[in-house]
Amino acid sequence: MKLIKLAVLVFAAIVSLNAIARTPVPIINHENLSVATTSGKTLQVDQVKQAIQAAAGAKGWSVAFQADSRLLATLNVRNKHTIVVEIAYATDKYSLQYKDSTNMHFGDLNGSKVIHPYYNKWVQELKDAIRIELLKL
């Protein structure tokens, strides 16, 4: 009987830890990030767009082109979670902003937009990949 009680307690602790780990967190938008290159030269807007597209593709994101130097990047994870980020870009800066999501616990908590913590992780990985692609130019 003690073994069953111990097993139930261990199971409850594991489930609780998973629930805590996935508590929604504030959305992090990345605004006005500098376009930096190793060469230090100013890029053309098409070069910035191509670097963003290459970085997104390398990380498994699909990209749809919008008007006014904007892209919509979509990441689908295990056909379970989908996130959409709007990327605005110019020759000297770019921004990544939350646009939409599916099955990511998006909501409003005390006036702050919140989401599953993996959203920020996946967007950070995209941001890092874009920075690396731009540094190659």
Residue in segment 106-129 that is assigned to a helix (DSSP H, G or I), among the polar types (S, T, N, Q) and at pLDDT 95 or above present: yes
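Would you say Thr74 is modelled with pLDDT of 95 or more, over 19 Å from Tyr118 (Cα atoms) and not in a helix (DSSP H, G or I)? It would help to see each step written out before you state the result.
Values: modelled with pLDDT of 95 or more: yes; over 19 Å from Tyr118 (Cα atoms): no; not in a helix (DSSP H, G or I): yes.
Considered against the rule, which asks whether it is modelled with pLDDT of 95 or more, over 19 Å from Tyr118 (Cα atoms) and not in a helix (DSSP H, G or I), Thr74 comes out as no.
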One residue from Leu135, Leu126 being in contact with a Phe, Trp or Tyr (Cβ under 8 Å, 6 or more places away or on another chain), in contact (Cβ under 8 Å) with a residue 60 or more places away in the chain and closer than 16 Å to Ala54 by Cα: Leu126
Positions within segment 71-105 being free of Cβ contacts under 8 Å to residues at least 24 places away in the same chain, of a type outside the set (Val, Ile, Thr), over 16 Å from Val45 (Cα atoms) and surrounded by fewer than 20 Cβ atoms within 10 Å (Cβ to Cβ), in sequence order: Asn76, Arg78, Asn79, Lys80, Glu86, Asp100, Ser101, Asn103
Enumeration of residues in segment 39-57 that are exposed (fewer than 13 other Cβ atoms within 10 Å of the Cβ) and either modelled with pLDDT of 95 or more or under 14 Å from the mean Cα position of the chain (by Cα) (or both): Gln44, Asp46
Matching residues in segment 69-94 - criterion: being within 16 Å of Gln53 (Cβ to Cβ) and not β-branched (Val, Ile, Thr): Ser69, Arg70, Leu71, Leu72, Ala73, Leu75, Glu86, Ala88, Tyr89, Ala90, Tyr94
Count of residues meeting criterion [outside any strand (DSSP E or B) and under 16 Å from the mean Cα position of the chain (by Cα)] in segment 80-105: 4
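The values are calculated or read from the model by the stated rules, or taken from the named source; none is laboratory data. Source: prediction; values computed, not measured. Glycine gets a Cβ as well: all are built from the backbone with ideal geometry, and neighbour counts include every protein chain shown.
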